[in-house]
1. Restricting the stretch 287-330 to residues that are among the small types (Gly, Ala, Ser) and not in a helix (DSSP H, G or I), which is farthest from residue 193 (Cα to Cα)?
2. Only one of (1) under 23 Å from the mean Cα position of the chain (by Cα); (2) within 29 Å of residue 135 (Cα to Cα); (3) at pLDDT 95 or above fails for residue 19. Which number is that?
3. On the basis of being at pLDDT 95 or above, basic (Lys, Arg), loosely packed, with under 14 Cβ neighbours inside 10 Å and over 15 Å from residue 95 (Cα atoms), does residue 4 make the cut?
4. Residue under question is residue 66, and the condition is that it be at pLDDT 95 or above and over 27 Å from residue 328 (Cα atoms); does it hold?
5. Can you tell me how many residues within the stretch 86-102 are touching a Pro at 6+ places or on another chain (Cβ under 7 Å) and part of a strand (DSSP E or B)?
6. Among 157, 139, which is the only one that is among the aromatic types (Phe, Trp, Tyr), out of contact with any strand residue (DSSP E or B) (no Cβ under 7 Å at 6 or more places or on another chain) and surrounded by fewer than 24 Cβ atoms within 10 Å (Cβ to Cβ)?
7. For the stretch 211-226, indicate whether the set of residues that are touching a residue at least 60 places away in the same chain (Cβ under 8 Å), crowded, with 21+ Cβ neighbours inside 10 Å and either polar (S, T, N, Q) or not assigned by TED's automatic domain parsing to the domain that holds residue 168 (or both) is non-empty.
Amino acid sequence: MDLKNKTEEVYILAIESSCDETAAAVVKNGREVLSNIISSQIALHTLYGGVVPEIASRKHIEKINQVIEEALKDANVELKDITAIAVTYGPGLVGALLVGVSAAKAISFATGIPLIGVHHIEGHISANYIENKELEPPYVCLVVSGGHSHLVVVKDYGEYEIIGRTRDDAAGEAFDKVARAIGLGYPGGPKIDKLSKEGNPEAIRFPRAKVDDNEYDFSFSGLKSAVLNYLNGCQMKGETICEADVAASFQKAVIDVLVEHGIHAVKKYGYNKFAIAGGVASNSSLRQAFETECAKRNIEFYHPSPIFCTDNAAMIGVAGYYEYIKGVRSGLELNAVPNLRLGEK
């Protein structure tokens, strides 16, 4: 896509409510974030050990208007200045998605501002453009979060080929389950990342799964089971469990697989650019491992800051911008699609 001759100033009001963050942002010309408001529900869902969909939906209803108003205020713009409204319409929790979609449709209907439905995973990938102004397709991107583990060839803005995905648990889901098993609670990813710094990643040899019929696919359920079996075995034998060693060894097993698949893909496809995205992309050890391996092979490595790795509306605004300049528009029949696949419209 040729963007060099684009002279129009484009202001995108973006809304994200796919899980447990109610978020709104204003993004100018695709890469300049004027505001990024996030109302998190983590403290609430921690009480239940994970996200409760009905509670998440109710909280979104309470917060959605507030975060939109705050996003406009922080960006020092009004609705009359907005070029288009971008909103996550899938994948995600259906009730949560519907809150954001309904708000975006209402604003579009009342003002006549064009509406653009955005794929949540496309948003995560697009988060890399916010701070890496020089990054342009094509490149390979690893999207790792609580619900997704995708290895994606980004052919152009909005044009993707998924070459690998998880066959069972997503990487973030495995982090949450293992964290719960060793008593860390929710959310698991940041807690395992922190505890693992105190442990020995070589203390326990957990398995690294390979999928025979696709060299880029992932499988983490066997690793999760191996950790649970190790914990149970120690308890049955009365052996002391070093939670830090378990966390570090588990984390290294996940990272080894992610790095191996990612580096293999970027070299095989002949690119010299690689990016990561999604909540797990904020893991410090994962980032360090990719930085090291990419440097060895002269691969340019890109990653968003942690605030843009977790769910946020700024990334939806960036993705929405590239959809807008391609001429993509959504009608008021836009609906939440909880199982939306990347590349579907």
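The values are calculated or read from the model by the stated rules, or taken from the named source; none is laboratory data. Here the structure is a predicted model, which is why all the values come from computation and not from measurement. All Cβ positions, glycine included, derive from the backbone under ideal geometry; neighbour counts span all protein chains shown.
1. The selected residue is 327.
2. All conditions are met except number (3).
3. For residue 4, the condition - at pLDDT 95 or above, basic (Lys, Arg), loosely packed, with under 14 Cβ neighbours inside 10 Å and over 15 Å from residue 95 (Cα atoms) - is not met.
4. yes
5. The total comes to 1.
6. Selected residue: 157, the only one of 157, 139 that is among the aromatic types (Phe, Trp, Tyr), out of contact with any strand residue (DSSP E or B) (no Cβ under 7 Å at 6 or more places or on another chain) and surrounded by fewer than 24 Cβ atoms within 10 Å (Cβ to Cβ).
7. No, that holds for no residue.
Conditions tested, residue by residue: (1) under 18 Å from residue 297 (Cβ atoms); (2) modelled with pLDDT of 95 or more; (3) in a loop (DSSP other than H, G, I, E, B).
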site	(1), (2), (3)
241	no, no, yes
249	no, yes, no
252	no, yes, no
256	yes, yes, no
259	yes, yes, no
270	yes, no, yes
280	no, no, no
